[in-house]
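To keep things clear, I will list the structure first and then write my remarks on it.
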Amino acid sequence: MSLACALVGFASTLSVVTPAQAATNTVVSLTFDDGNANQMTALPILNKYGMKGTFYIITGVIGTPNYLTRANLSTLAASGNEIGAHSVNHPDLTGVPIDEAKRQICNSRADLTDWGFRVTSFAYPYASASTAVENATRDCGFNSARGLGDIASAHGCSGCDRAETLPPADPYWLKAVDQIDTTWTLQQMKNVVTAAEGRGGGLVPFTFHNICDGCDSLAISPTVLDSFLSWLKARGALGTTVKTIDQAIGGTVKPVVRIPPPTNTGLTNTSLEQSTSGTGFPDCWMAGGWGSNNPVWSRTTDAHSGSFGQRLDISGYVNGDAKLMPQMDLGSCSPSVTPGRTYNLGTWYKATGITQYALYYRNATGAWAYWTSSPWFAAASTWTQATWTTPPVPAGASGMSFGLALITNGSLTTDDYTFAGSAGGSPAAKAPATRSRPSGTTPVRATVIARGAPTVPGAGAVRPGTLIAVPTPDDAH
Ligand SMILES: [Zn+2]
């Protein structure tokens with residue numbers, strides 16, 4: 001009895017003392033990367049607690065399957081949420097020429113501004129930046145740019161600071177907590193906040209990707225998010241507040257900078273000889289693919305010319321394809337094209353199964369869309385050139401990417417790509433090894449837009465938001 005009373009008395013004493021503590025000076029930002037469609041699930045939870053988030057948008061995927069639409073962005077903004085930018089096509093900005101990086105950074109802000117949003121905040125894809133990339137972000141008119149993983153948590157950076165300073169030492173490398181995935185617990189998230197509160201406060205940006213139960217490993221359950229925000233709301237009594245990045249950083253809206261696309265009309269690194277990125281892919285080339293199959297990529301000395309070709313092995317084929325393609329970018333690697341014109345594609349290949357060209361085009365705002373596919377090319381045990389003339393390029397297209405796609409189990413090695421505007425005439429398949437589709441079968445066509453999510457040898461699919469080539473804090477400056 002007396003023990004129970006003592007406990008009650010102790011709790012009462014705490015409840016009196018706590019609100020009297022000094023303000024924590026802690027600002028939490030809730031940031032959402034990539035514009036995944038399920039992020040709309042966060043909106044009613046934010047509204048429930050009167051909180052605003054920062055949504056970093058990949059402009060080139062807005063309106064495509066599984067991503068937010070422009071109407072969604074307007075809904076988010078109408079509730080007071082911030083629309084920030086996260087590039088046009090989500091490349092590693094340190095792995096592309098600086099001119100391409102500037103296009104990716106500036107034009108994502110220009111597009112979002114055109115769509116009616118107030119855009120001051122950027123987040124680096126894969127949290128990857130260099131001094132040149134940071135400077136480009138400043139020159140594009142952003143007031144800040146967010147990294148990842150530089151604030152101590154149970155998930156890394158144990159010796160690091162507990163918060164970003166306000167104002168930040170370098171607004172173009174905002175420190176942030178490691179991205180939240182399904183291995184995080186609610187308590188671990190709370191601990192990050194209380195650690196900052198106990199060390200004098202500052203800015204604590206959290207980063208979320210998917211809001212769902214079990215849809216992805218890079219996700220938080222809506223229930224856990226609700227619990228976290230409920231707990232954060234109560235911390236308001238101690239002086240801990242939730243703000244958007246723009247609210248936390250401040251500053252005026254700078255003039256918009258838009259970088260025009262380059263005019264190169266050819267391919268780069270056509271013989272696949274240069275490979276300096278460390279990904280196992282030739283510079284300016286990427287793995288594309290979609291559907292249910294298991295592609296494995298390797299750089300091979302089995303070359304048509306030079307020293308290297310690129311080999312693809314597919315197992316477990318159910319549907320879809322895999323192919324090597326010029327990087328789906330804003331023009332450094334993908335050639336510019338003219339609407340109405342036809343183009344001749346060529347690829348030297350060896351294959352144990354059927355292949356076909358899959359073609360994609362870039363529109364004026366840098367978004368990539370599936371265009372069309374060629375007839376099939378037969379297996380070839382010796383080096384064979386697959387050539388095909390495209391249909392006229394659709395209106396509105398500004399660039400092209402394509403790949404000779406393996407559409408069955410087996411192996412495909414390619415080398416010596418060619419691409420050139422044709423003299424005209426009707427589109428025609430001129431492949432020596434073309435065969436028509438067997439009657440009564442469904443054509444194998446890429447009906448799903450693979451947004452060019454690259455595949456890294458041995459590492460499986462790399463999704464937007466997955467950390468690769470993450471700079472250490474020292475490397476980032
Ligand atoms: Zn991302």
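The values are calculated or read from the model by the stated rules, or taken from the named source; none is laboratory data. Note that the coordinates shown come from a computational prediction; the quantities given were computed from them, not determined experimentally. As a convention, Cβ positions derive from the backbone with ideal geometry for all residues, glycine included, and neighbour counts pool all protein chains shown.
Which of the residues belonging to region 25-38 are part of a loop (DSSP other than H, G, I, E, B) and either within 29 Å of the chain's Cα centre (by Cα) or buried (at least 21 other Cβ atoms within 10 Å of the Cβ) (or both)?
Within region 25-38, the first condition is being part of a loop (DSSP other than H, G, I, E, B), and the residues that meet it are 25, 34-35.
Asp34, Gly35, listed by residue number.
Return the only residue of Thr347, Thr365, Thr408 being surrounded by 16 or more Cβ atoms within 10 Å (Cβ to Cβ) and modelled with pLDDT of 95 or more.
Values: Thr365 fails: modelled with pLDDT of 95 or more; Thr408 fails: modelled with pLDDT of 95 or more.
It is Thr347.
Test of understanding: among Lys233, Lys254, which residue is of a type in the set (Lys, Arg) and not in a loop (DSSP other than H, G, I, E, B)?
Working: Lys254 fails: not in a loop (DSSP other than H, G, I, E, B).
Being of a type in the set (Lys, Arg) and not in a loop (DSSP other than H, G, I, E, B) holds for just one of Lys233, Lys254, which is Lys233.
Do we find a residue being within 16 Å of the ligand (Cβ to nearest atom) and within 23 Å of the chain's Cα centre (by Cα) anywhere in region 180-192? First the steps, then the outcome.
Going through region 180-192, the residues within 16 Å of the ligand (Cβ to nearest atom) turn out to be 180-181.
Within this subset, residues satisfying the condition of being within 23 Å of the chain's Cα centre (by Cα) are 180-181.
So far as region 180-192 goes, yes, one or more of its residues are within 16 Å of the ligand (Cβ to nearest atom) and within 23 Å of the chain's Cα centre (by Cα).
So if I check each of Ala101, Ala129, which one is surrounded by 24 or more Cβ atoms within 10 Å (Cβ to Cβ), within 15 Å of Asp33 (Cβ to Cβ), of a type outside the set (Val, Ile, Thr) and within 16 Å of the ligand (Cβ to nearest atom)?
Values: Ala101 fails: within 15 Å of Asp33 (Cβ to Cβ).
Residue meeting the stated conditions: Ala129.
Just wondering, is there one or more residues in region 84-98 that are under 19 Å from the mean Cα position of the chain (by Cα) and away from the ligand (no atom under 16 Å from the Cβ)?
Step one: list which residues in region 84-98 are under 19 Å from the mean Cα position of the chain (by Cα), which gives 84-98.
Then drop every residue that is not away from the ligand (no atom under 16 Å from the Cβ), which leaves 97-98.
Yes; the residues of region 84-98 include at least one that is under 19 Å from the mean Cα position of the chain (by Cα) and away from the ligand (no atom under 16 Å from the Cβ).
Here are some conditions: (1) closer than 27 Å to Gly280 by Cα; (2) crowded, with 23+ Cβ neighbours inside 10 Å. Thr94 meets all but one. Which one does it not meet?
Here Thr94 meets the rest and fails (2).
Being outside the structural domain of Gly331 (by TED's automatic domain parsing), at pLDDT below 95 and not in a strand (DSSP E or B) narrows it down to one residue among Thr75, Thr113, Thr41, Thr64; which is it? Steps first, answer last, please.
Details: Thr75 fails: at pLDDT below 95; Thr113 fails: at pLDDT below 95; Thr41 fails: at pLDDT below 95.
Selected residue: Thr64, the only one of Thr75, Thr113, Thr41, Thr64 that is outside the structural domain of Gly331 (by TED's automatic domain parsing), at pLDDT below 95 and not in a strand (DSSP E or B).
I'd like to know if region 195-216 contains one or more residues that are over 16 Å from Phe32 (Cβ atoms) and of a type in the set (Val, Ile, Thr). Don't jump to the end; show me each part of the working.
Here is the first cut: in region 195-216, the ones over 16 Å from Phe32 (Cβ atoms) are 195-203, 213-214.
Applying the additional criterion that residues be of a type in the set (Val, Ile, Thr) yields none.
Looking for residues that are over 16 Å from Phe32 (Cβ atoms) and of a type in the set (Val, Ile, Thr), one finds none in region 195-216, hence no.
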